[in-house]
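The values are calculated or read from the model by the stated rules, or taken from the named source; none is laboratory data. None of these values were measured; they are calculated from a predicted model. Every residue, glycine as well, gets a Cβ built from its backbone with ideal geometry; the counts of neighbours run over all protein chains shown. Side chains are part of the model used for accessible areas, which takes the heavy atoms of the whole protein and leaves out ligands, DNA and RNA. Shrake-Rupley method; radii C 1.70, N 1.55, O 1.52, S 1.80 Å.
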Amino acid sequence: MPPRRWTAPGELYWKTFEDVAFEDAQTPFRNEEYATAVRNFHLFLQQNPGHTKAAKAKLGMGLCYLKLNNPMQARAALESLIADHPNDPLVDRARTLLDRL
């Protein structure tokens with residue numbers, strides 16, 4: 001008899017560690033807890049620099065820094081997104097934000 005599954009696919013326990021870490025940054029961002037979100041995005045990128053969500057995490061960091069009134073750090077995060085992920089669709093959004101700084 002196969003073991004009983006207590007969670008369905010797509011629930012927390014079926015996600016990879018990297019996905020959970022990204023969501024740990026997304027949740028405070030959605031709740032406008034930008035200091036917590038930027039810290040978690042930073043940790044996510046340190047642990048998973050090549051992850052498919054790295055560009056999204058850098059954009060999230062840039063947006064958090066803008067909300068925290070820190071344009072220098074916002075610029076650094078957005079420029080990092082552009083330099084490290086030049087073919088990502090988020091580059092256009094990063095450039096637009098940079099133009100406003």
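Structural remarks
- Counting residues in the stretch 49-56 that are modelled with pLDDT of 90 or more, charged (D, E, K, R) and not in a loop (DSSP other than H, G, I, E, B) gives one or more.
- Residue list for the stretch 81-101, restricted to those being in a helix (DSSP H, G or I) and open to solvent by 40 Å² or more (accessible area, probe 1.4 Å): ALA83, ASP84, LEU90, ASP92, ARG93, ARG95, THR96, ASP99, ARG100
- Residues in the stretch 12-33 that are part of a helix (DSSP H, G or I), modelled with pLDDT of 90 or more and open to solvent by 40 Å² or more (accessible area, probe 1.4 Å): THR27, PHE29, ARG30.
- Taken over the stretch 67-76, the criterion of being part of a loop (DSSP other than H, G, I, E, B) and in contact (Cβ under 8 Å) with a residue 12 or more places away in the chain is satisfied by LEU68 alone.
- Near pairs, Cβ below 7 angstrom, 6+ apart or cross-chain, from the stretch 51-66 (farther than 13 Å from LEU98 by Cβ and open to solvent by 20 Å² or more (accessible area, probe 1.4 Å)) to any residue that is charged (D, E, K, R) and not in a loop (DSSP other than H, G, I, E, B): HIS51/GLU18
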